[in-house]
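The next block holds one structure in the form of structure tokens; read it before the comments.
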Amino acid sequence: MMEIFFETKDVFQLKDMEKIAPKEKGITAMSVKEVLQSLVDDGMVDCERIGTSNYYWAFPSKALHARKRKLEVLESQLSEGSQKHASLQKSIEKAKIGRHETEERTMLTKELSSLRDQREQLKAEVEKYKECDPQVVEEIRQANIVAKDAANRWTDNIFAIKSWAKRKFGMEENKIDKNFGIPEDFDYID
């Protein structure tokens, strides 16, 4: 379809393209609209709405300029990549200086590895005994005190509501307990 635009260097409407494309290039008439729209979406064909009609055009010079711009972008990316590659190679060479494999170096890396393994084992052991840590135990005790106070506060609230319900509605305490699912041994926590 691009060849139609480049050869004629003319502006077309959709109905013109639906007539020309099947005859000259063998594009099925049913797919002309989709192909044309995809070319517009890709920026290969220009489209402008004038009045109620859409006009389509593409000139070889625009395609040439688009390719040149794309080529320039790719060349700049290539040069940037080459510079980055060269700087990384220099960094590698610089890092290799003084890192020759010697017996002492091999021995030190083995020792470092074993010390790291030992450190991980010690961390795991400390984690295992963490619940016996006095600070953790004290935090648990404080949390228990707060929870106990909260439970007693809610128990107090429930007793206040039960008292109010007895006065307001004249209900017996055991009926209130039964209706609201309050157990018989319900009381404050010591």
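The values are calculated or read from the model by the stated rules, or taken from the named source; none is laboratory data. Because the structure is predicted, anything quoted here is derived from the model rather than measured. Positions of Cβ are backbone-derived with ideal geometry, glycine not excepted, and every protein chain shown enters the neighbour counts. Surface accessibility is based on the protein's heavy atoms, side chains included, excluding ligands, DNA and RNA. Shrake-Rupley method; radii C 1.70, N 1.55, O 1.52, S 1.80 Å.
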request  = Give, as a single signed number, the net charge of other residues whose beta carbon lies under 15 Å from the beta carbon of Val136, with Lys and Arg counted +1 and Asp and Glu -1.
outcome  = -2
task = Tally up the carbon and sulfur contribution to the accessible surface of the stretch 34-148 as a whole percent, 1.4 Å probe, everything protein left in place.
result = 56 percent
ask   = What's the local net charge at Trp164, with K and R +1, D and E -1, over the other residues with C-beta under 14 Å away?
value = +2
inquiry  = Just checking my list (i) 1, 6, 13, 15, 16, 16, 15, 10, 6, 1, 0; (ii) 1, 5, 7, 7, 5, 4, 4, 4, 4, 4, 4, 4, 5, 6, 8, 11, 9, 7, 3, 1, 0; (iii) 1, 7, 16, 20, 22, 18, 11, 4, 1, 0 against P(r) over Cα pairs in 5 Å bins from 0, in percent computed from this structure; which label fits?
reply    = (ii)
query = Do any GluC sites (Glu not before Pro) in the stretch 92-190 lie in a DSSP loop with no more than 12 other beta carbon atoms within 10 Å, and if so, which?
reply = Glu101, Glu172, Glu184
message = Let me spell out the model: positive unit charges on the Cβ of Lys and Arg, negative unit charges on the Cβ of Asp and Glu, origin at the Cα centre of the chain. What dipole size does that give, in debye rounded to 20?
response = 780 debye
message = Using +1 at the C-beta of Lys and Arg and -1 at the C-beta of Asp and Glu, which of Ser163, Asn179, Gly98 has the Cα lying farthest in the positive direction of the dipole of the stretch 81-185?
response = Gly98
key: Rounded to 10°, Cα long-axis angle of helix 14-25 versus longest principal axis of the chain   = 60 degrees
222 nm mean residue ellipticity, helices alone, for the chain (DSSP H n ≥ 4; -39,500 (n - 2.57); rounded to 500) = -24500 deg cm²/dmol
ask   = Any idea what Rg and Dmax come out to for the stretch 44-112 if you just take the C-alpha atoms, in Å?
value = 27.6, 84
